[in-house]
Structure formats: structure tokens, C-alpha cells
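Scroll down for the structure; my scribbles are underneath it.
Derivation of every value follows stated rules applied to the coordinates shown; laboratory data play no part. Just so you know, these numbers come straight off a predicted model, no measurement behind them.
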Amino acid sequence: MASDSQAAIGVYFGTTSGELWGSSDEGDNFARIAGDLPHIYAVTVSEIQ
């Protein structure tokens, strides 16, 4: 799991079933960003300034 440093903190996590999920409202609601990926064991965040 990883988070960003935006005003409304984004939270992201991956699953071992190959799905990437994200929230743009500090974890109140999550949406699937991608599926059908290989097993995800780690997630990092990169912010573009």
C-alpha cells in the first residue's frame, strides 16, 4: 500500500490476484484502476510536479 502527499491524500494498493485499487478521498472510497495484471506485491507512488 502507498499514499501520496496531495491535499486529499490518495491511497493505493495492489492485490496478489493482479488488481490495482486507488482512492482519491483518503480511503473513503476505492475504485479499481487496473486488473488482469501479474501478482502485485508492492505499490509505490510517484508525483509529477
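Applied to region 6-23, the Karplus parametrisation 6.51 cos²θ - 1.76 cosθ + 1.60 on θ = phi - 60° returns per-residue 3J(HN,Hα) values of 6, 4, 9, 4, x, 10, 9, 8, x, 10, 6, 8, x, 10, 10, 10, x, 9 Hz, with x for Gly and Pro. For region 35-46, putting each phi into the Karplus relation 6.51 cos²θ - 1.76 cosθ + 1.60 with θ = phi - 60° gives couplings of x, 6, 9, x, 3, 10, 10, 8, 10, 10, 10, 10 Hz, in residue order, rounded to whole numbers and with x for Gly and Pro.
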